[in-house]
Protein chains: 4
Amino acid sequence: MVCTLHIHERPELNNPVLIEGLPGIGFVANIAALHLIRELKAKLFAELHSSAFQDFAITTEQGKTNSPINEFYYYKGQHAERDLIILYGNTQALTTMGQYELCGRVLDVAQDFGCKYMITLGGLRREEKITTPKLYCAASGREALKDARNMGAEILGGQIFGIAGLLVALGKLRGFKGFCLLAETTGFYPDAVAAHLTLKPICEMLGLNVNLSQLDVAAEATRKILESFGLLEAPSEDRRKEGSGFRGLV
Amino acid sequence: MVCTLHIHERPELNNPVLIEGLPGIGFVANIAALHLIRELKAKLFAELHSSAFQDFAITTEQGKTNSPINEFYYYKGQHAERDLIILYGNTQALTTMGQYELCGRVLDVAQDFGCKYMITLGGLRREEKITTPKLYCAASGREALKDARNMGAEILGGQIFGIAGLLVALGKLRGFKGFCLLAETTGFYPDAVAAHLTLKPICEMLGLNVNLSQLDVAAEATRKILESFGLLEAPSEDRRKEGSGFRGLV
Amino acid sequence: MVCTLHIHERPELNNPVLIEGLPGIGFVANIAALHLIRELKAKLFAELHSSAFQDFAITTEQGKTNSPINEFYYYKGQHAERDLIILYGNTQALTTMGQYELCGRVLDVAQDFGCKYMITLGGLRREEKITTPKLYCAASGREALKDARNMGAEILGGQIFGIAGLLVALGKLRGFKGFCLLAETTGFYPDAVAAHLTLKPICEMLGLNVNLSQLDVAAEATRKILESFGLLEAPSEDRRKEGSGFRGLV
Amino acid sequence: MVCTLHIHERPELNNPVLIEGLPGIGFVANIAALHLIRELKAKLFAELHSSAFQDFAITTEQGKTNSPINEFYYYKGQHAERDLIILYGNTQALTTMGQYELCGRVLDVAQDFGCKYMITLGGLRREEKITTPKLYCAASGREALKDARNMGAEILGGQIFGIAGLLVALGKLRGFKGFCLLAETTGFYPDAVAAHLTLKPICEMLGLNVNLSQLDVAAEATRKILESFGLLEAPSEDRRKEGSGFRGLV
């Protein structure tokens, strides 16, 4: 199992916060990360490929091929804004072992650029109709939990599948602090309302000056990107047996 | 497949006995180990994570995240008591290869701290109602078998799945002596009676001064820990295809 | 996961083009590669085995055993012809991770012999009857896309499974240019018409002086080779669960 | 994936022949190897464990634990007898990758002790009633095929699953010569008649002075060993999904 990391630039960051934005339930994290990248004009500085990603090429409307990828963007905060490292991509790893290695490499990058705090995002799928979606959280420890609770998030019980949970838990073992923030969603993809719900308090906490009125644009862009990648379709019977396409937050 | 071992303290132990207490059928080993740790105030000295553990975070009632883990505790015996290394945790590895590597690392730790003898515990599932549960055993060799037989355990035929069997068998290849002790259980989780059945003769053999009257407390604590970890639920259909949640002793 | 590479000869090649010809849908690439090898009298210079290939031996009509294999052939162009590296074989890797490693090793070989451009081939399965099969393409970038479009190929949307897609996408990360060329086929094995459709414009583009009138002979040879290897049979139920026999281009 | 090899003794062997005798269809190879070991009083000189073997312990009637294992025995021929290396064990590897690594390690040992020729054994399952079972063969090349054909074996078409096929095919890549010899069997375990059918011409070819009248004893011993190891039972539904218990020769 091999992750390949390409670092294109080595930005000087001041105590940056890692924001995880890979695809999952409701594509909440994915939309939020894309929106941040666009609004803040965050810069791509590293790319990660894993042999636990899908073994296919994805074609764009313009006839170009891409491979499943995770990307790292950075943003140097203005005035009172915190510096950011944003993890964005079109997939998580397909296997348990692959998820562990992916998290390990993401933490390597975060440490390498001075990050000690992370926020992971996700959706919390609800079968029933949601009138007023709520936020839920779980944290590395007392301090980070307080940060999350201050956002009005309730404490989550049970397991958190996927990278959003694993990254906080494995990060904790390396001394990272942080929390996982989940917004209720029916899972209709991609859920701009749930993305808004997570992004608003995060921007407040980190002093980020971001206009959130265009989140539906990011959601639509996410939908188009994912669709052209074939990633919004139901996984085929065969694929489902092998791994799991996407594994979001239950 | 990578196991990560963190050693927090290097206790001086005198010919310690390794007691395996990971989750399995009836959570017999898990309850017994937790009880020993609490009663003897055994100290955590090492932690082990494996990419063959579940790729999720588990949240506590207090909103904190944890990852699947195996822990090593030590106890320095008083008077005639034997020194102990207790292996405790909330999971075994999910894959065959992961179980082999996990056993290898556990044996590394045991050797590193001077251990040459091990006792592994487990439940032996019975479909029918059990009026007087019995003990069964299998051992690395003649000497250890005698130790187990002296406890009133009958000889077990067939395979012993999971870490309880594999650890004795692979330990034998490295010169370890020891035995596997299994108590009959209907598998209703977690079985304090079966745990008592195994723990009583072990305490006698090792001269351990442990009050066993509170084993139901350890069983209840095990139930709560496991429940909050989501580990008492039936594994989902998907999970069952991939690996096996828990693999205890059949 | 280990690939073993044996290099028998180190030819001096002048800016060679890699042509991928492993089995897939309609065996389009396989037929085309075999035909090129035979017509151009291309020479075998390297062999690759992977532990992600099938774990069986294949017997020939003459009672000899062979193992699943990928082979590299070279051709030094005459006059205006381009030099070639042809990847030929009787299988792709059975697992996702195996496909990634296989592609990595193929790219290693290509780089080692000065290759910077690749053409991968495949079939595009159609359920309905095909009266006039069309060509489709996806490319590493603008320049290669133009090369493919000049062949009359339309732009393909969606994912490209198998080595034909992955090789272009992973090659792009290492600076390779190139495209994937897919011919429509009903998937009735092996499809000489579809092979002809891909090979004709490739020969024109690369200035290759190849007689294409005998492609049905290569198709029949492919059929016989594959049949004696047991590779034309439907994969057994068990096999299908494990991996995927062949994974061609959908 | 790790194989662990323990070499207990380094015998001086004169151009030994490797005879493969792991469990498979009809346990033909397993019976034959056990019989040779017993009759020739062959000596154990190396042991091999793999993390791709089953992750359980197997208990003997005497209450001792063993792990799945492959063993190497040697025999120094008397007079005109050839020296032998006999590969014996209670399992093959459970995964494709594991089979490849296992074969690699077996070939390492064989090369290390000067072996250049191998004979692998197996059963060829027939659905219908067999009145006069026949022998089939496949070989590394012309010379070895002649050896096998001289035994009256017919040429086999198709694939040879399991170690019997893979070992000859992978050995060929390293310069080994040899053949695979398969006896027809209904697969009723273990088939002493089929074992006799393979062993008789092998003893003649290698000048081995072995009494074959007691093969039913070896078959019965094989049955008992395997039964106590639980290896004659049908693999559970779960296991079958993961790998394949035993994979013999189809």
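The values are calculated or read from the model by the stated rules, or taken from the named source; none is laboratory data. Keep in mind it's a predicted model, so treat the numbers as computed, not measured. Reconstructed Cβ throughout: ideal geometry from the backbone, glycine too, with neighbour counts over all protein chains shown. Calculation scope for accessible area: heavy atoms of the full protein, side chains included, ligands and nucleic acids excluded. Shrake-Rupley method; radii C 1.70, N 1.55, O 1.52, S 1.80 Å.
What are the residues in the stretch D:172-184 that are within 14 Å of chain C (Cβ to nearest Cβ) and not charged (D, E, K, R), if any?
Across the stretch D:172-184, the qualifying residues are D:Leu173, D:Gly175, D:Phe176, D:Gly178, D:Phe179, D:Cys180, D:Leu181, D:Leu182.
Being closer than 29 Å to A:Leu94 by Cβ and either more than 18 Å from the chain's Cα centre (by Cα) or of a type outside the set (Ser, Thr, Tyr) (or both) narrows it down to one residue among A:Gly157, A:Gly114, A:Gly141; which is it?
It is A:Gly157.
State whether one or more residues within the stretch B:13-35 are acidic (Asp, Glu) and surrounded by fewer than 21 Cβ atoms within 10 Å (Cβ to Cβ).
no
From the set of residues in the stretch A:40-59 that are among the charged types (D, E, K, R) and more than 7 Å from chain C (Cβ to nearest Cβ), which is farthest from C:Ala52 (Cα to Cα)?
Ranking the candidates gives A:Lys41 first.
As an exercise: evaluate D:Leu84 against (1) without any contact (Cβ under 8 Å) to a residue 24 or more places away in the chain; (2) among the hydrophobic types (A, V, I, L, M, F, W, C); (3) more than 13 Å from chain B (Cβ to nearest Cβ) and give the number of the one condition it does not meet.
The failed condition is (1).
From A:Lys116, A:Lys134, grab the single residue that is surrounded by fewer than 16 Cβ atoms within 10 Å (Cβ to Cβ) and of a type in the set (D, E, K, R).
Unique residue meeting the criteria: A:Lys134.
Run down A:Arg126, A:Arg105 and say which single residue is closer than 19 Å to A:Phe45 by Cα, touching a residue at least 40 places away in the same chain (Cβ under 8 Å) and either among the hydroxyl-bearing types (Ser, Thr, Tyr) or open to solvent by 30 Å² or more (accessible area, probe 1.4 Å) (or both).
Within the list A:Arg126, A:Arg105, the selection yields A:Arg105.
Taking C:Lys76 and the conditions (1) under 22 Å from C:Ala218 (Cα atoms); (2) in contact with a strand residue (DSSP E or B) (Cβ under 6 Å, 6 or more places away or on another chain); (3) basic (Lys, Arg), which numbered condition does it fall short on, given that it satisfies the others?
(2)
Pairs under 6 Å by beta carbon, first residue under 14 Å from A:Pro11 (Cα atoms) in the stretch A:38-49, partner hydrophobic (A, V, I, L, M, F, W, C) and open to solvent by 30 Å² or more (accessible area, probe 1.4 Å), six or more apart or different chains?
Sorted first by the residue in the stretch A:38-49, then by its partner, the pairs are A:Ala46/A:Ile7.
Return the residue satisfying two criteria in turn: it lies in the stretch B:187-217 and is in contact with a strand residue (DSSP E or B) (Cβ under 7 Å, 6 or more places away or on another chain) and either open to solvent by less than 20 Å² (accessible area, probe 1.4 Å) or in a loop (DSSP other than H, G, I, E, B) (or both), and of such residues it is farthest from B:Phe27 (Cα to Cα).
My answer is B:Leu206.
Within the stretch B:36-65, how many residues are closer than 17 Å to B:Asp108 by Cβ, of a type in the set (D, E, K, R) and crowded, with 21+ Cβ neighbours inside 10 Å?
0
Do you know which residues across the stretch A:139-184 are of a type in the set (Val, Ile, Thr) and touching a residue at least 40 places away in the same chain (Cβ under 8 Å)?
Listed by number, the residues that qualify are A:Ile160, A:Ile163, A:Val168.
Using the structure shown, decide if C:Gly187 is within 11 Å of chain A (Cβ to nearest Cβ) and of a type outside the set (Phe, Trp, Tyr).
For C:Gly187, the condition - within 11 Å of chain A (Cβ to nearest Cβ) and of a type outside the set (Phe, Trp, Tyr) - is not met.
Please state which of the following conditions D:Ile160 fails to meet, knowing it meets all the rest: (1) at pLDDT 95 or above; (2) buried (at least 23 other Cβ atoms within 10 Å of the Cβ).
(1)
Just one of B:Gly178, B:Gly171 is assigned to a helix (DSSP H, G or I) and open to solvent by less than 10 Å² (accessible area, probe 1.4 Å); which is it?
Being assigned to a helix (DSSP H, G or I) and open to solvent by less than 10 Å² (accessible area, probe 1.4 Å) holds for just one of B:Gly178, B:Gly171, which is B:Gly171.
Please pick out the residue among D:Tyr100, D:Tyr136 that is touching a residue at least 12 places away in the same chain (Cβ under 8 Å), over 24 Å from D:Pro68 (Cα atoms) and within 13 Å of chain C (Cβ to nearest Cβ).
One residue alone meets the criteria, D:Tyr136.
Take the stretch B:67-82 and flag every residue that is at pLDDT 95 or above and open to solvent by less than 10 Å² (accessible area, probe 1.4 Å).
Once the filter is applied, which keeps residues that are at pLDDT 95 or above and open to solvent by less than 10 Å² (accessible area, probe 1.4 Å), the stretch B:67-82 yields B:Asn70, B:Phe72.
When residues of the stretch D:186-198 are filtered for being among the β-branched types (Val, Ile, Thr) and farther than 22 Å from D:Asn211 by Cα, how many remain?
Residues flagged as among the β-branched types (Val, Ile, Thr) and farther than 22 Å from D:Asn211 by Cα within the stretch D:186-198 amount to 1.
Of all the residues that make up the stretch B:143-157, how many are open to solvent by 30 Å² or more (accessible area, probe 1.4 Å) and facing chain D (nearest Cβ under 8 Å)?
Going through the stretch B:143-157 one residue at a time, the tally reaches 3.
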